[in-house]
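Enquirer: Attaching a single structure in structure tokens format; questions to follow.
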Amino acid sequence: MQTMWVMLICLAGGQLACATLCKTYGTIPGIPGAPGQPGSNGRDGQNGPKGDRGPPGQAEDEGEIGEKGDPGAPGYPGKIGPRGPMGSKGLQGPTGPPGPQGDSGDYKATLKSAFSAARTISIFPRREQPIRFDRVITNEKGHYENRYGRFTCRVPGIYYFTYHVTSKGSLCLRMKKGRGGSKGNVVLTFCDYVHSSYQITTGGVVLKMAMNDSVWLEPTEKNAIVGIEGSDSIFSGFLIFPEA
């Protein structure tokens, strides 16, 4: 309160009174200024010494082990791994007991098929028609049909067929193979050319025959085959070995 009165007196009394009072009471502090801005952070201090090792922690109480759970569902099968190396060969096993005795062999039971037939017809055969060898000489198992001049296979296997014919003039014969009453396929063709004289023509072939295959001979337009006494013409065939 005293300070306020001194200030009022100085203001009213002029410079002299102000000077006197200022000397008497000394300098009056002013109003405090605004706070300054905070200073920048100082530098980090040096690392302190390593502290002592603390006491070990205490383990918490463990609960009781629970019951075993049910097994889970099986997973999907994995990929097949690489094949392992082959193992070593095992020891040979003991010899087994002998088998039962087989049936005794019989040559009469062996598969057979053979024929041979001669032609006694004096007229020339028709072209591209089976030649009839009507007189049967041999016909084992009856596989040759003299009415049609065809051999029909009843025992599949390998056969040999041959012919020896007499002709008076040029002659061309085809050996054909087929089934049933078909025209068949030409296997071989044999030709001999002469004029107004007798000749002997022969030919043969080995064929694989299946069940019901047929073989026969056919002439072309050159069909001067004869069948007279002293000038025979024959057609033959036989099984070499049956199909395995």
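Enquirer: So Lys108 fits all but one of (1) open to solvent by less than 80 Å² (accessible area, probe 1.4 Å); (2) among the charged types (D, E, K, R); (3) at pLDDT below 65; what number is the exception?
Expert: Condition not satisfied by Lys108: (1).
Enquirer: Which one of these is at positive phi and modelled with pLDDT under 95: Lys168, Lys141?
Expert: Just one listed residue meets the conditions, Lys141.
Enquirer: Which ranges mark the strands (runs of 3 or more DSSP E) fully within the stretch 177-244 that have 2 or more residues being exposed (fewer than 14 other Cβ atoms within 10 Å of the Cβ)?
Expert: 185-192, 198-209, 234-242
Enquirer: Here's a check for you: in the stretch 144-162, which residue that is of a type in the set (Phe, Trp, Tyr) and modelled with pLDDT of 95 or more is most open to solvent (accessible area, probe 1.4 Å)?
Expert: It comes out as Tyr160.
Enquirer: Identify, from the list Ser116, Ser182, Ser170, the residue that is out of contact with any Leu (no Cβ under 7 Å at 6 or more places or on another chain) and either among the β-branched types (Val, Ile, Thr) or touching a residue at least 60 places away in the same chain (Cβ under 8 Å) (or both).
Expert: Ser116
Enquirer: Spot the failing condition for Phe133; the list is (1) part of a loop (DSSP other than H, G, I, E, B); (2) open to solvent by 60 Å² or more (accessible area, probe 1.4 Å); (3) aromatic (Phe, Trp, Tyr), and only one is missed.
Expert: Going through the list (1) part of a loop (DSSP other than H, G, I, E, B); (2) open to solvent by 60 Å² or more (accessible area, probe 1.4 Å); (3) aromatic (Phe, Trp, Tyr), Phe133 breaks only (2).
The values are calculated or read from the model by the stated rules, or taken from the named source; none is laboratory data. Note that the structure is predicted; figures quoted are calculated from it, not measured. Ideal geometry is used to build each Cβ from the backbone, glycine not excepted, and the neighbour counts take in all protein chains shown. For the accessible areas, the whole protein counts, side chains as well, though only heavy atoms, and no ligand, DNA or RNA atoms are used. Shrake-Rupley method; radii C 1.70, N 1.55, O 1.52, S 1.80 Å.
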